[in-house]
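> Starting off with a structure, shown below.
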Amino acid sequence: MAERRGVAGTVLEELEIAKPEAGRLRGGAVPGRRGRKVARGLSPQAAAARAHELWRVAQGSRAAVLKKIARGGAHTARELGRQVDYLFSKSEGIFGNMVEHDPEARSLSPDERKALIADWSDGWAGAAKNGHTTHLLMSFPADVRPDTARTIAELWAFEMFQSGDHQDEEWAYVAALHTDRAHPHVHIVLNNRGLMSGAWFFMARDHVFNFQMMKQRMVAIAAEQGVFLDASSRLDRGILTYGPSRAEIERARAEGRAPVEKRREGPALEAALAEVAQSGETLRFLARLAALTGERALQARIEAAVDTLRAGGILHPFSRLPLSGESDMTLPPRATGWCAPCP
């Protein structure tokens, strides 16, 4: 790389470049500077997170898919039975803290399912509004090997629900790998009542278990297994519709058509357009950063992405792999301090 001089050289000396090392990533998201104002209401932390994810998108990552199945909680033993039967009727691999550890196991027997249902439902009391269980879905790109998808999901689930890293509690859960579609995917069902102190599992934007954190951990664990994902949102990529529900996906599949996505309207559409514009501004900053680090090809791709968003288009994966082994999969940490306003 050419000798670093002037303002660019001074800036680059401040950067702590995070590069992949033996399949792992050094560094990570660093919150914005304390007290710094962020344009259009974004907090410094949110601006930093957006910059990190768009930096990865620009280098060819694919979006991590993590969904909570709407109305997927079981209220009764019978509903749990249907849920368990769905998981294990076509599973190609299983894991969880409620099943025997067997890498070769592909399903639970009828007796094992019956015992699990009785064990969980016997401890249920009262009418849980959203059910006594939570049903999560993790989906992976089509070129990810099923055994790799399972490994990522298993490591992720252990961290979330067993390790105590995020909350001092453990939840009972079972999971099944499905390969009946082009994209390998894993269904995880957990009992909402904790095993240690009885703490209730739930997900919320301002709670320790929120989609952004959970997707970011999926991205980091996937990177350790050599899978390049990002935690960008639909709006980050310029998608202005709401994603189809699970029910709509199933209906569309049965009818042989594409799922219908619900359009945003009124204030929701205006807010979405503002977020897309903000993603464009962040990408403009990242293009300048790529230029400073000598990544001209990456700069050109990011600038093309800016043009796509301005034209109302959607950002698709730029390539199957990062631009080169020298490209940074993680945004330089201190850069996130500068990009809070993303001028």
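> Could you give the spread of the C-alpha atoms of region 65-227 along their three principal axes, from largest to smallest, in whole angstroms?
44, 38, 26
> Which distance in Å, rounded to a whole number, links the C-alpha centroids of region 44-123 and region 269-291?
33
> At a Förster distance of 56 Å, what's the computed FRET efficiency of Leu273 paired with Leu195, Cβ-Cβ distance as r, to 0.05?
Efficiency for this residue pair is about 0.80.
> Still on this structure, I have one more. Sum up the charges of everything whose Cβ sits under 14 Å from the Cβ of Asn191, counting Lys and Arg as +1 and Asp and Glu as -1, but leave Asn191 out.
Around Asn191, the charge tally is -4.
> How much net charge surrounds Ala157 when only the other residues with a Cβ under 11 Å from the Cβ of Ala157 are counted, with Lys and Arg +1 and Asp and Glu -1?
It works out to a net charge of 0.
> Normalised by the number of residues in region 65-227, what is the relative contact order in percent for Cα pairs under 8 Å and 6+ residues apart?
Computed over region 65-227, the figure is 27 percent.
> For each of Ile249, Ile94, count neighbouring Cβ atoms within 10 Å of the residue's Cβ, then give the residues from fewest to most.
Final ranking by Cβ density, sparse to dense: Ile249, Ile94.
> Please give the contour-minus-distance gain from Gln162 to Gln212: 0.36 nm per residue of separation, less the Cα-Cα distance, rounded to one decimal in nm.
Gain in length upon complete extension: 16.1 nm.
> So for Arg264, Arg310, Arg237, fewest C-beta neighbours within 10 Å to most, what's the order?
Ranked by crowding around the Cβ, least crowded first: Arg310, Arg264, Arg237.
> I would also like to ask the following. Working from the pairwise distances between different alpha carbons, so that the mean of 1/r is found and then inverted, what is region 174-243's Kirkwood radius in Å?
14.9 Å is the Kirkwood radius here.
> With a ≥ b ≥ c taken as the square roots of the eigenvalues of the C-alpha gyration tensor of region 41-131, please select rounded if a/c is under 1.5 and otherwise prolate if a/b is larger than b/c or oblate if it is not?
Here region 41-131 falls in the oblate category.
> A follow-up question, please. Order by neighbour count: Thr133, Thr148, Thr241, fewest other Cβ atoms within 10 Å first, most last.
Arranged by neighbour count, lowest to highest, Thr133, Thr148, Thr241 become Thr241, Thr148, Thr133.
> OK, next. Zone of Ile239 (label point 7 Å along Cα→Cβ, backbone N under 11 Å): which residues in region 52-91?
Within reach of a label on Ile239, which here means backbone N under 11 Å from a point 7 Å along Cα→Cβ, region 52-91 contributes 63-66.
Any read-out appearing in this document is the output of simple, stated calculations on the displayed coordinates, not a laboratory observation. If you're wondering where the values come from, they're calculated on a predicted model, not measured in any experiment. Please note: Cβ atoms are built from the backbone with ideal geometry, for glycine as well, and neighbour counts cover all protein chains shown.
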